[in-house]
Amino acid sequence: MTMKVIKTVAEMREWTLSRKKAGRQVGLVPTMGFLHEGHLSLIRRAKQESDAVVVSIYVNPTQFAPGEDLDRYPRDFKRDQQLCLQEGVDAVFYPDEMYAPDHKTYVVTEELSKILCGVSRPDHFRGVTTIVAKLFNSVQPDTAVFGQKDAQQALIIKRMAADLNFGINIIISPIIRENDGLAVSSRNKYLTPEQRQQAAVLYRSLRAAEQEYEQGNVDPVSIKNKMKEIISEQPLAKIDYIALVNADTLTRPKPGTNDVLAALAVFFDKTRLIDNTILKKRR
Ligand code: AMP
């Protein structure tokens, strides 16, 4: 089996077209590279759902604000290529650049992009929806797989794909975690050993929320306070936000009637980590 590395949009389109002509279903896994177990789980899911899998690797500048980590974002294409080969990926879409110098068009998913992570990263989701729309148009897959790790992103992309009639089946795949519960992320690499150890508190606070909910506490304020208390025990952790929202709409939750998304963002120095869990509707 050979794996193709494709650098241009024109070649990418041709590749997909030839697969589709042969009756194949094409699945896309968009990533920013520096692949880890989380990414690999999406690739495995895409392989189950489609006959030919494309992994895109592109660190998208429009989703980083000035002063964020665009320049130091970890990159290792050789290693990524090897991992994709091992996973049986059919093509890696690895463009050098996705934006023309005179690029002027953005895709915005209103409202959903302004809350939660959108408060501290106001242009972030505009960058995400724009690049994902460009990747959808470049690869033209039947299916695309995203991670629940970025819960707000997943919902926004589902909304965008429906609103703009992409006709692409969007699949959301579960969060992959380290042994101590920390969600696997390329950004974990930035953490000092001490920060890394304390970062396990994100998952502990989410587990506590799950336990509270299971035991019948459906008061979002009291659950959030409990989470805050747990996180505050770690001196290096600085809470950006903790939110309990309707898992489908990201609006005020009606606990007991809908699934509730417990989501949080926590800084360790300049490194911002996000995580979430779904508190299941009571039966
Ligand atoms: P990134 O390369 O960080 O932009 O992530 C690419 C895709 O991988 C996104 O759909 C993420 O939600 C997903 N992803 C990242 N980390 C994880 C994880 N720990 N578990 C599952 N999916 C993940």
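Tabulated results
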quantity	calculated
Looking only at the stretch 147-161, and only at residues there that are out of contact with any Phe, Trp or Tyr (no Cβ under 7 Å at 6 or more places or on another chain) and among the hydrophobic types (A, V, I, L, M, F, W, C), the one that is nearest to the ligand (Cβ to nearest atom)	Ala151
Which numbered condition Leu206 misses (of (1) out of contact with any helix residue (DSSP H, G or I) (no Cβ under 8 Å at 6 or more places or on another chain); (2) within 15 Å of the ligand (Cβ to nearest atom); (3) hydrophobic (A, V, I, L, M, F, W, C))	(1)
Val128 vs. criteria more than 22 Å from Ile278 (Cβ to Cβ), near the ligand (Cβ under 10 Å from one of its atoms) and open to solvent by less than 20 Å² (accessible area, probe 1.4 Å)	no
Criterion: away from the ligand (no atom under 13 Å from the Cβ) and in contact with a strand residue (DSSP E or B) (Cβ under 6 Å, 6 or more places away or on another chain) - qualifying residue of Val54, Val29	Val54
Of all residues making up the stretch 232-283, the number that are closer than 29 Å to Arg72 by Cα, over 18 Å from the mean Cα position of the chain (by Cα) and open to solvent by less than 10 Å² (accessible area, probe 1.4 Å)	1
Count - residues of the stretch 225-283 that are among the charged types (D, E, K, R) and within 20 Å of Arg207 (Cβ to Cβ)	10
Residues that are within 8 Å of the ligand (Cβ to nearest atom) and either in a loop (DSSP other than H, G, I, E, B) or closer than 27 Å to Lys134 by Cβ (or both), drawn from the stretch 162-186	Ser173, Pro174, Ile175, Ile176, Ala183, Val184, Ser185, Ser186
Subset of the stretch 57-76 that is near the ligand (Cβ under 10 Å from one of its atoms) and of a type in the set (A, V, I, L, M) - its residue that is nearest to Val139 (Cα to Cα)	Ile57
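The values are calculated or read from the model by the stated rules, or taken from the named source; none is laboratory data. What you see is a predicted model, and the numbers here were worked out from it, not measured in a lab. Cβ: placed from backbone, ideal geometry, glycine included. Neighbour counts: every protein chain shown. Note: areas computed on protein heavy atoms with side chains; ligands, DNA, RNA excluded. Shrake-Rupley method; radii C 1.70, N 1.55, O 1.52, S 1.80 Å.
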